[in-house]
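A.B. asks: One structure, as structure tokens, below. Some questions next.
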Amino acid sequence: MLTRTEQCANQLRGNILQGRFAPGEVLSQRQLARELGCSPIVVRESLRMLENQGLVENVPKWGTRIVPFDVDRLKGLFLVREALEGMAARLVCSRRAAVDFAPLLTQAQALDRLFAKPPADAGQLATEHYVFHSAIDGLCGCTELVETLARVNLQQLFLASTQLVDFARVRQPSRWHLQLVQALAGSDPEAAERAMREHVRKGLEDIAVAAPPPPVAGRSGTTTSPTRRQALTPLVEAGS
């Protein structure tokens with residue numbers, strides 16, 4: 001059973017990934033406590049958990065804020081992910097005899113259909129993609145690698161989602177995700193790693209293609225950007 005702090009952290013993580021906060025937005029712990037129906041102490045502990053996951057950061061004299069978007073950081077996460085997830089793919093292929101690939105094949109086919117006709121909610125597609133890759137990582141048999149990739153992929157999911165990407169502009173090869181799973185289930189671990197590395201590099205290219213143009217500076221020199229703050233859903237008390 002989740003603790004109150006874990007429940008709060010999960011709720012805040014979901015709100016962050018759904019774009020209910022703007023990148024760089026400073027968070028009021030008292031306001032979050034009121035909106036989520038929990039104590040400021042629980043909120044503070046939850047934010048520490050999210051800081052460890054790379055979604056928020058503590059800024060001296062300012063407090064806790066949502067991690068601001070940084071294109072160089074996003075590129076760096078893709079580089080790290082390419083190396084680590086390439087190794088995960090190699091490990092999955094190496095232990096293929098012990099892996100049930102049927103669920104992955106189903107997820108891959110569903111993702112390929114989503115990319116062929118992207119939903120209006122880009123966050124849905126990004127989340128499904130995150131779940132798919134997390135499932136692959138979880139099959140590699142290395143706990144340390146799985147935990148590290150979970151943190152990297154979560155940060156990448158958030159930073160990519162802040163770009164408000166238009167996946168309708170992305171053109172992926174037919175059966176792109178299905179082919180990746182087939183490589184993982186094949187007999188060549190090196191080929192599986194190459195396939196994953198190519199897959200991750202294509203992801204970075206897709207973000208570059210689907211991202212909106214930079215914000216336009218106004219007369220005052222400030223830039224305009226969408227307002228993303230929305231009301232938060234209060235936590236449900238355990239047992240209620």
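A.B. asks: Can we say A192 is more than 30 Å from N52 (Cβ to Cβ), at pLDDT 95 or above and not charged (D, E, K, R)?
C.D. replies: yes
A.B. asks: Quick one: in segment 69-120, which of the residues that are of a type in the set (D, E) and without any contact (Cβ under 8 Å) to a residue 24 or more places away in the chain is farthest from L180 (Cα to Cα)?
C.D. replies: Ranking the qualifying residues of segment 69-120, first place goes to D72.
Residues are listed down the side, and each one gets a yes or a no for (1) over 24 Å from T127 (Cβ atoms); (2) not in a helix (DSSP H, G or I):
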| site | (1), (2) |
| --- | --- |
| C8 | no, no |
| R13 | no, no |
| F21 | no, yes |
| R30 | yes, no |
| I41 | yes, no |
| G54 | no, yes |
| E57 | no, yes |
| L74 | no, no |
| E82 | no, no |
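A.B. asks: Would you check if R201 is exposed (fewer than 15 other Cβ atoms within 10 Å of the Cβ) and modelled with pLDDT of 80 or more?
C.D. replies: Considered against the rule, which asks whether it is exposed (fewer than 15 other Cβ atoms within 10 Å of the Cβ) and modelled with pLDDT of 80 or more, R201 comes out as yes.
A.B. asks: Could you please let me know if P226 is in contact with a strand residue (DSSP E or B) (Cβ under 7 Å, 6 or more places away or on another chain), modelled with pLDDT under 80 and assigned to a loop (DSSP other than H, G, I, E, B)?
C.D. replies: Criteria not met by P226.
The values are calculated or read from the model by the stated rules, or taken from the named source; none is laboratory data. These numbers were taken from a predicted model, which means no experiment stands behind them. No Cβ is skipped: glycine too gets one built from the backbone with ideal geometry, and neighbour counts run over all protein chains shown.
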